[in-house]
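Chemist: Got a structure here, written out as structure tokens. Questions coming.
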Amino acid sequence: MVKLHNVLNSDLNLKIFVCVKQVPGVAEVRIDPKTNTLVREGVPSIMNPYDRNAIELALSIKEERGAKVIALSMGPPQAEEVLREALAMGTDEAYHLTDRAFAGADTLATSYTLALAIRKILKESKKDETYLIICGSQAIDGDTGQVGPELAEELGIPQITYVQKFNFKGDKIILERAFRAEEVVIIESNLPALITVLKEINKPRYPTMLGVMNAYEKKKIIQLNAENLKAEKAKIGLTGSMTEVWRIFIPERKGEHLILEGSIQEMATKLCENLKDDKVL
Amino acid sequence: MSIIIDDKLCTGCASCVESCPYSGIEIIDNVAVINEKCNLCGACVEVCPVDAIVLEKEEFKVKKMDISQYNGIWVIAEHYQDKIQPITFQLMGKSRGLADILKVNLSLVILGSDFDNLLEEFGKFGADEIIYVKSPILKSYYSDIYVKVLSDLIIENKPEIILIGATSTGRDFAPRVAKRLNAGLTADCTGLDIDINTHNLLQTRPTFGGNIMATIRTPNSRPQMATVRPGIFKSPKKSKREVHIRKIEPIIKEKDTVTKIVKIIEKEKFSVNLEEAKIIVAGGRGVGSKENFKLIKKLAMVLGAELGGSRVTVELNWLDQEQQIGQTGKTVSPKLYIACGISGAIQHLVGMQNSEIIVAINKDPNAPIFKVAHYGIVADLHEFIPALIKEIKKVKSVL
């Protein structure tokens, strides 16, 4: 690993947006065998784990050189919980993009909606400000990793995905991007930019008692709906989505199953014979 | 799409100039003017205090598009150190079948710089056409340059299906291209099929951590884009085939990219090459400890196999990240897969169920791994594996 330069530059007035998503605790999702649908009841919701790394990075930048950290989440009313958690961890502001019209959004529609909110917040910003957007590399429910790059494209800013190390170099950012198993690429970029982070980048903090109290008593979550965002109806929610889920099913399991019997020694002998017959040994 | 400035409304305040990430707008004679750097991101539209800037969108993006104009399948090649990667050939094999169903052309699209002499050879993997975009800068992967070159090419040629490897490269540029084209994109597919009546690509992928499979389609718009997980489809055998080669040499300069590659560091190479391994021995929680993994390693050594593991073994630091097999790790398809102390969560099964022969060793007879295993051994692996190692040594010494 190379040591990255770390040049502080306090002239930079920085806003950091962190996009977070509420996801079901994956291991708990089950299918109802009779109806073939998702059993959502009793499944606890959590903040997407990678997004916690994104928040941690934003907060560490803030502590090191000063920045305003803003958490954003698009989702149903209960997604407020993850924003409350973001505030408890230490983010300064939280915006909840919530509207029935946003429902059913694929990644295209989601990135459009997030971009509207970010533009709206930036419009109210000071002139000499720049910004950084941090997303988790993917959400553990859909695992697409598409919203980050699509958001960067919507805003027309550079993107660096799968970042495992981050630093400033003057007004620029310098990052390590995981690229294949064999390679790490060091990339330099101007701000504004969007990065997506891997869990290797840091160890997310837990909210403190005071943080939790502040999140409920001092800080507010600002709600934005389609009207507040002046969203084009054709570009949000299901209408704005190009992809649709056609079918959901439980994966089929194939194979002939032969359970070997006998003593340990007998089973070992039988297995070797079989594997020899199959020409894999 | 185009951007229009109403010069009667414009006050020349320059808010738009400051908002533009690409220096694509300037003030000339007190009026804002768009220059060639503009990429129509619309940032200026939002900031204009007098609403003098309007982004006009093409009709088809709002109205239902005419999807019949789109034709053919494209595979976007991935290369690393001047070598086309296996995922590209895997995609070619699968796409040839899809192209035959649709009765359309299959094109292999290569963005690179040193492939002139290899194109004929690549043609043997089933392409009707090779589109070779050649430029020295395309030797390395630059996100923004890839996006620009590919998007322009797609807009011009209108393929109906575009397939890309779900690698750290493919998953970086594919979403951005999809957004630029307003095209549907399905990530990390493990199954592809065609609905012949509608020409819809049926894109199957694991979701919710691999517990559930979803089939996604893009019924009303084209192109249909998908990233496809490496290791799922098999590379085709080479065959003679007439292939039409189109070479394009655009002028791209290094300064056209906004990000800069400072350095590429090669990591110390592990001996791990799970994706191409013929035999894999994998351990799970049942192995019990890092210390106990020595036994699994020994079995792997005797077999000349690669060593892998389930997610938990990586989380517990018994193995390295590169060795993880499953939904969030690697997908493998060796001739022989020996699962030791792996219960067989679907998240793991997704990554190994295409193996030719699966052996499962587990003390729990109800472990789901036995449902995919060809040979199951219900036993304590710490007792069974030493016996197995002895037997294998016997067999090997006979050979």
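Any read-out appearing in this document is the output of simple, stated calculations on the displayed coordinates, not a laboratory observation. Since the model is a prediction, treat every value here as computed from it, not as a measurement. As a convention, Cβ positions derive from the backbone with ideal geometry for all residues, glycine included, and neighbour counts pool all protein chains shown.
Chemist: Looking at this model, which pairs from A:LYS21/B:LYS158; B:LYS94/B:LYS124; A:LYS21/A:LYS233; A:LYS15/A:LYS120 are more than 25 angstrom apart at the alpha-carbon?
Modeler: Correct reply: A:LYS21/B:LYS158.
Chemist: Starting with the highest mean, order A:96-102, B:105-111 by the number of other Cβ atoms within 10 Å, averaged over the residues of each peptide.
Modeler: B:105-111, A:96-102
Chemist: Beyond 24 Å between alpha-carbons counts as too far, so tell me which of B:LYS294/B:LYS393; B:LYS83/B:LYS103; A:LYS270/B:LYS394 fall in that bin.
Modeler: B:LYS83/B:LYS103
Chemist: Along Cα→Cβ, 7 Å out, is where each label goes; now give me the distance between the ones at B:LYS393 and A:LYS169 in nm to one decimal.
Modeler: It is 5.4 nm.
Chemist: What order do you get for B:381-388, A:188-195, B:259-266 when each peptide is scored by the mean count of other beta carbon atoms within 10 Å, highest first?
Modeler: Peptide ranking by packing, descending: A:188-195, B:381-388, B:259-266.
Chemist: Kirkwood hydrodynamic radius, computed over distinct alpha-carbon pairs, for the range B:274-398: how many Å, to one decimal?
Modeler: 14.0 Å
Chemist: Let me ask you something else. How many partner chain Cβ atoms sit within 10 Å of a residue's Cβ in peptide B:178-185, on average, as a whole number? Each step should come with its number before you reach the end.
Modeler: Values: counts 9, 13, 3, 1, 5, 3, 7, 9.
The per-residue average across the peptide is 6.
Chemist: Another question, then. Cα centroids of the range B:128-196 and the range A:91-149: how far apart, whole angstrom?
Modeler: Each part reduced to its Cα centre gives a spacing of 24 Å.
Chemist: Give, to the nearest whole percent, the P(r) tail of the range A:13-235 beyond 30 angstrom, counting all Cα pairs. List each step's numbers first, then the result.
Modeler: Numbers: 5318 of 24753 pairs.
Above the 30 Å cut-off, the range A:13-235 has 21 percent of its Cα pairs.
Chemist: Could you work out the mean count of beta carbons from other protein chains within 10 Å of each residue's beta carbon in A:266-278?
Modeler: Per residue, the average neighbour count from other chains is 6.
Chemist: Report the paramagnetic label zone for B:LYS335: residues of the range B:220-257 whose backbone N is under 18 Å from a point 7 Å from Cα along the Cα-to-Cβ axis.
Modeler: Flagged as within label range: B:234-235, B:237.
Chemist: Taking each residue of B:382-395 in turn, how many C-beta atoms of other protein chains fall within 10 Å of its C-beta, and what is the average?
Modeler: What the average comes to for B:382-395 is 4.
Chemist: Using the Cα atoms of the range B:67-256 to build a convex hull, what is its mean projected area in square nanometres?
Modeler: Reported value for the Cα convex hull: 10.4 nm².
Chemist: What distance in nm separates the two pseudo spin-label positions at A:GLU232 and B:ASP66, each 7 Å out from Cα along the beta-carbon direction?
Modeler: 2.1 nm
Chemist: What aspartates and glutamates does A:LYS203 reach when the alpha-carbon gap must be under 13 Å and sequence neighbours fewer than 8 apart in one chain are set aside?
Modeler: Partners within reach: A:ASP51, A:GLU56.
Chemist: Also, quick follow-up: If the cut-off is 18 Å between C-alpha atoms, which aspartates and glutamates fall inside it for B:LYS371, apart from same-chain ones fewer than 8 positions away?
Modeler: B:LYS371 reaches A:GLU252, A:GLU256, A:GLU261, B:GLU356.
Chemist: Convert 37 °C to kelvin, take the viscosity as 0.692 mPa s, use the Kirkwood radius over C-alpha pairs of chain B as Rh, and evaluate the Stokes-Einstein diffusion coefficient in µm²/s, rounded to a whole number. Write out the running numbers ahead of the final one.
Modeler: Values: Rh = 24.1 Å.
Estimated diffusion coefficient is 136 µm²/s.
Chemist: Let me ask something else about it. From Cα coordinates alone, what are the radius of gyration and Dmax values for the protein assembly as shown in angstrom?
Modeler: 26.3, 93
Chemist: How much net charge surrounds A:ILE160 when only the other residues with a Cβ under 10 Å from the Cβ of A:ILE160 are counted, with Lys and Arg +1 and Asp and Glu -1?
Modeler: Values: positive: A:ARG177; negative: A:GLU176, A:GLU188, B:ASP172.
Value of the local net charge: -2.
Chemist: Another question about this same structure. Rank-order A:158-170, B:217-229 by packing density, defined as the average count of other C-beta atoms within 10 Å over each peptide's residues, highest first.
Modeler: Values: A:158-170: 20.8, B:217-229: 23.8.
Final packing ranking: B:217-229, A:158-170.
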